[in-house]
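These notes are about the structure you will find just below.
The values are calculated or read from the model by the stated rules, or taken from the named source; none is laboratory data. The structure displayed is predicted, hence computed values, not measured ones. With ideal geometry, Cβ positions are generated from the backbone for all residues, glycine too; neighbour counts draw on all protein chains shown. What goes into the accessible areas is simple: the full protein's heavy atoms, side chains included, and nothing from ligands, DNA or RNA. Shrake-Rupley method; radii C 1.70, N 1.55, O 1.52, S 1.80 Å.
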Amino acid sequence: QVQLVESGGGSVQAGDSLRLSCAASGGTFTDYSLAWFRQVPGKEREFVAGITRSGATTFYLGSVQDRFTISRDNALSTVYLQMSKLIPDDTAIYYCAAAAIIGRSASEFQHWGRGTQVTVSS
């Protein structure tokens, strides 16, 4: 059973950058595809970016395609989300998730971290 712990959130100004990290333990990291989701109060959890087990293929929400980059370091059992040109609409709790097969729906992911808050002010 893999455990996921996010870090790197914070409060920034519009236009700034942040890098989120998600450290995995308790499982074989390369058995999992990984994704970042985000959620604001009153809304469903939204897929942001995903990466396959090898790291060869990545997927993005359209509105972050040109601003966010997901990557993974299988030697460190860590997945990252590099976020640049942040805007207030990016404000949310960001969650790391793992699944055997990559998907875009929260229901397809079995393992979740507790989240890290990102707040972007204008």
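What to note about this one:
- Per-residue Karplus couplings for the range 62-73, computed as 6.51 cos²θ - 1.76 cosθ + 1.60 with θ equal to phi - 60°, are listed in order as x, 6, 10, 3, 9, 10, 10, 9, 9, 8, 9, 10 Hz, Gly and Pro entered as x.
- The mean accessible area for residues of the range 81-122, using a 1.4 Å probe and ignoring ligands and nucleic acids, is 49 Å² per residue.
- Highest-MSF residue in the chain out of Ala49, Ala97, Ala106 [GNM, Cα springs under 10 Å]: Ala106
- Gain on full stretching of the segment that runs from Ala106 to Glu46 - 0.36 nm per residue minus C-alpha separation: 20.8 nm
- Formal net charge of residues neighbouring Thr78 (Cβ-Cβ distance under 12 Å; K, R +1; D, E -1): 0
- Normalised convex hull volume, the range 1-118, alpha-carbon set, Å³ per residue: 91
- Efficiency of FRET between Val5 and Asp89 - r from beta-carbon atoms, R0 30 angstrom, step 0.05: 0.70
- Computed magnitude of the charge dipole of the range 35-110 (debye, nearest 20; Cβ of K, R +1, Cβ of D, E -1): 80
- Sequence of Asp73, Asp66 from largest to smallest accessible area, 1.4 Å probe: Asp66, Asp73
- By accessible area, using a 1.4 Å probe on protein heavy atoms only, the chain has 48% of its surface on carbon and sulfur.
- Contact order relative to length of the chain, as percent, for alpha carbon pairs under 8 angstrom and 6 or more apart: 36
- Residue of Ser54, Ser17, Ser107 that the Gaussian network model of the chain assigns the largest fluctuation, springs spanning Cα pairs under 10 Å: Ser107
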